[in-house]
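The block underneath contains the structure these notes are about, expressed in structure tokens.
The values are calculated or read from the model by the stated rules, or taken from the named source; none is laboratory data. Quantities reported herein were computed from a predicted structural model and do not represent experimental measurements. Every residue, glycine as well, gets a Cβ built from its backbone with ideal geometry; the counts of neighbours run over all protein chains shown. Accessible surface is based on the protein model in full, side chains and every heavy atom, while ligands, DNA and RNA are left aside. Shrake-Rupley method; radii C 1.70, N 1.55, O 1.52, S 1.80 Å.
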Amino acid sequence: MEVNRDEAERCIDIATAALTNEQPEKAQRFLEKAQRLFPTEKARVLLDLIANNGFTPRQGSHSEFSGSSGPRQRQTGTSEDTRPEEKPSDTSKPYTADQLDAVRRIKQCKDFYEILGVQKDAPEDELKRSYRKLALKFHPDKNHAPGATEAFKAIGNAYGVLSNANKRQQYDQCGEDRRHPSRHSAGSENFEPDISPEDLFNMFFGGGYPSSNANMYTNGRMRHQRRERRERQRDGGLALFVQVMPILILVIVSALSQIMVNSPAYSLSFRPSAGYTQKRLTENLKVPYYVGEQFSKDFSGMNLKNLERTVEDDYISNLRNNCWKEKQQKEGMLYRARYFGDTDLYQRAQRARTPSCAKLSEITASLHG
């Protein structure tokens, strides 16, 4: 029944619009359908309202139900429920039985490991591979089965927690008290990831999903969260000031400490505002760096050699980080291109340059040459 909640809510939305447009017969039809999918108090109240106002369905109606008391006989011919403008889903987009079964499997999972389909001792690489596969499979723009959005979010939450060493350790220590990420409970609040499922997906696949739907999370839970955020914003300026106060103190203390502590002797970039205007090259790897006007007086001999060794270490470390980012972005583009058969994207990914990796290879070769 939980899988049908989204469809039931859409039925209620259509019924509410129909009542506004003085179409009680249509409203009753979708309210009854909502009750069959996922019974709610809201639908029951609206059905009672229609019944108390004396509404009686017309003869020959194609509705599936004759009232809140029981089912009506189906009429021959084309059912009104099949007309595109009355579909409870925002989609006339089809979905397969396999997709629906897959969504139900995710909904029935008991913990994050089961959602990702990995063992409890799975390494980070295995978590990443599993997330890539499942995120593409359950993304709402690819999987239109009811509940796919919640499944996609549960997958993102599972990876977001298990890929964080501290959160994973806390999660494992909870044992039987672990909660399913798609359900609100006192226990689940401790295992919310630091990044939203959509941002996580964009980070993995180089930004955006083809024809990405801006209103991805239109289910009841997301609407509830937006309402909570609006209510928190109305709390007033005092609460905001109290929250910001520690940050202001931290900024002030940090600024004072910067004034009291001596500045670094060099910078890897040209920073005239900080006094790093004189360009130099290290003797070994010819790495460019910038210093102040008094540098020559303060550094010479072994002091200079030790400093330049530090400059080269910092430079190589920056190259490694940038190279990793460039490879991740290129890998994400290639993965998406192969999965969706996008030839243009594949060619762009093949042409994508990785200058940091090239420079790092050049320096590595010179060190071992």
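Exactly one residue out of Glu114, Glu124 is open to solvent by 40 Å² or more (accessible area, probe 1.4 Å) and within 22 Å of Met333 (Cβ to Cβ): that is Glu124. When Leu281 is tested against (1) closer than 29 Å to His368 by Cβ; (2) in contact (Cβ under 8 Å) with a residue 12 or more places away in the chain, exactly one condition is not met: (2). In this structure, Gly332 does not qualify as free of Cβ contacts under 8 Å to residues at least 12 places away in the same chain, open to solvent by less than 70 Å² (accessible area, probe 1.4 Å), under 35 Å from the mean Cα position of the chain (by Cα) and within 30 Å of Ser130 (Cβ to Cβ). Looking at Leu304, Leu345, which is the one that is part of a helix (DSSP H, G or I), open to solvent by less than 80 Å² (accessible area, probe 1.4 Å) and without any contact (Cβ under 8 Å) to a residue 12 or more places away in the chain? Criteria check complete, one pass: Leu304.
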